[in-house]
Amino acid sequence: MAAHRQIFWNALPGVPKPLYLALEALLWLKWSGLFGWPALFRILRRQGVVTRDRHGISIARQFSRLVRLSIGACMPPGDVYRFGLIEHPARLWNFVSDRHVAAFHRWQNGRQPAASQLTPRLGDKAEATDILLSSGIPMAPILATVAKTDDFDFLDALRAHRRLFCKSRSGNRGLGAFECWQDGQTIEGRMFEGDALPDQQSVTAAWDALMQRDHALIQPALQNHPQLAPLVPDGRAVTVRCITRQNGQDIAILCASLEVPTERSPTDKHEIYVILPIDTGSGLARPLPGKMFLNEQARQKQRDVLAELGEQRPLPDWQALIDYSRLAHRQFPGFWAIAWDWVLTPSGPILLEGNNGFGGSLPQVLTGGFLAEL
């Protein structure tokens, strides 16, 4: 409870406490009086019968617990089910809701004196690449760093390297990033979110939009390891997210997951991924826990990926990826945890980047909550 209070006060740093309390009170009144109830009934219709049949908890008891946990304690109703709180409501305070994950990271990192100085260095993808390369970690090479004012011919770079990945120097979540390639005289691409760039005009427009955000980084698109390549016939990168955490003087592994892009249907608004937890000791991919909300189509895609990988076949170069992730975190010792995004290539694991503000849903499902150890 003390930790949650401190996280609460970190949600809007710099805002006077009376104003912050007034804003929070207004948000809670809107949630408890209007918006929370429709969300509660939607999730109850979706998960109530399944949970009753699986765990023997009546619909009425689920409703009562949702009111207490979601309307009263402001835990989003989807997270109440996702985190197993319908079955174990006393574990509520082990978890941090998505709304307060950023504040949680600030609170955790604020207890490390070096974090404030290291945050800009990790956030600057070019500088972080230099730091990590100098420590012996295999990084995705940067072919060019382009400022808004630079006279740079993007298409010349594409003709020279045939397939490129372009992203913001300081952005996260892939905002504005895209991949592009040249096949003969045809130039095409794909946004990070999955939208097609069918011709040279749309690829050039994506480049111009990226340049409006920030300085741009140009990297060669990476090739998947032969063990993973059949999962994505069109060559999109299969990534591994390995989250390391500070554990006293040591660096431990918090959790890891495999992220496989799937074929996008016309009705999909964004890129769809099959995300599988990885046993960090063995490197074996596992199915998502049953409490994660997946329809039957998504479950089938998960089964297909697991069958392709092989039940007892660890991911290639797994121990090297773990060792490199620990080494990478040692270069940024001020952060409580960092999510490292890797591509497993024919020549070994290649690190794309590290992020200290990662989302909390899947890591908390896999670990029992960010605050469980308290």
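The values are calculated or read from the model by the stated rules, or taken from the named source; none is laboratory data. Predicted, not measured: the structure shown is a model, and the values here were computed from it. Because the Cβ atoms are built from the backbone with ideal geometry, glycine has one as well, and the counts that use them run over all protein chains shown. These area figures cover heavy atoms from the full protein model, side chains too; ligands, DNA and RNA do not enter into them. Shrake-Rupley method; radii C 1.70, N 1.55, O 1.52, S 1.80 Å.
With the convex hull of the Cα atoms taken as the outline of the range 279-364, the averaged projected area works out to 6.8 nm².
Taking all protein chains as present, what is the carbon and sulfur share of the accessible area of the range 9-126, in % to the nearest whole number, probe 1.4 Å?
Its accessible area is 62 percent carbon and sulfur atoms.
Per residue, the accessible area of the chain comes to 49 Å² when a 1.4 Å probe rolls over the protein heavy atoms. A cut-off of 5 Å between modelled amide H atoms, ignoring neighbours fewer than 5 places along the same chain, links ALA337 with GLN246.
Taking the alpha carbon gyration tensor of the range 153-246, what are the square roots of 5 times its eigenvalues, largest first, to the nearest whole Å? Don't jump to the answer; show the numbers that get you there.
Details: eigenvalues 100, 70, 26 Å².
Each semi-axis is the square root of five times an eigenvalue, giving 22, 19, 11 Å.
For the range 203-352, averaging the sequence separation of C-alpha pairs within contact (under 8 Å, six or more residues apart) and dividing by the residue count gives a relative contact order of 29 percent. Taking the three principal axes of the alpha carbon atoms in the range 1-117, the coordinate ranges are 51, 29, 20 Å, sorted in descending order. Placing a label point 7 Å from the Cα of ALA320 along the Cα-to-Cβ direction, the residues of the range 336-356 whose backbone N falls under 13 Å of that point are 343-351. Once the Cβ-Cβ distance of SER64 and VAL15 is raised to the sixth power relative to R0 = 30 Å, the FRET efficiency obtained is 0.30. Spin-label pair SER32-LEU143: with each label point 7 Å from Cα along the Cα-Cβ axis, the two points sit 5.7 nm from one another. In the elastic network of the chain, a GNM with C-alpha springs shorter than 10 Å, the most mobile of SER70, SER347, SER257 is SER347.
Under the membrane-span-like helix rule (DSSP H runs whose alpha carbons stretch at least 18 Å along the helix axis, mean Kyte-Doolittle hydropathy 0.5 or higher), the chain yields 17-30.
Loop-located GluC sites (Glu not before Pro) in the range 298-374 (DSSP state not H, G, I, E or B) with no more than 13 neighbouring Cβ atoms inside 10 Å: GLU311, GLU373.
For the chain, report the % of Cα-Cα distances exceeding 37 Å. For the chain, the fraction of Cα-Cα distances above 37 Å is 27 percent. The spread of Cα positions in the range 85-131, taken along each principal axis and listed from longest to shortest, comes to 47, 21, 16 Å.
The 3J(HN,Hα) values that the Karplus relation (6.51, -1.76, 1.60; θ = phi - 60°) gives for the range 360-374 are, in residue order, x, 4, 5, x, 6, 4, 7, 10, x, x, 4, 9, 4, 5, 7 Hz. Gly and Pro appear as x. For the chain, adding -39500 (n - 2.57) for each run of n ≥ 4 DSSP H residues and dividing by the number of residues yields -11500 deg cm²/dmol at 222 nm.
A P(r) calculated from all alpha carbon pairs of the range 295-344, with 10 Å bins opening at zero, reads 20, 32, 29, 18, 1 percent. Under the simplified labelling scheme, the ALA252-ALA205 pair shows an inter-label distance of 5.0 nm, with each label point 7 Å from Cα along Cα→Cβ.
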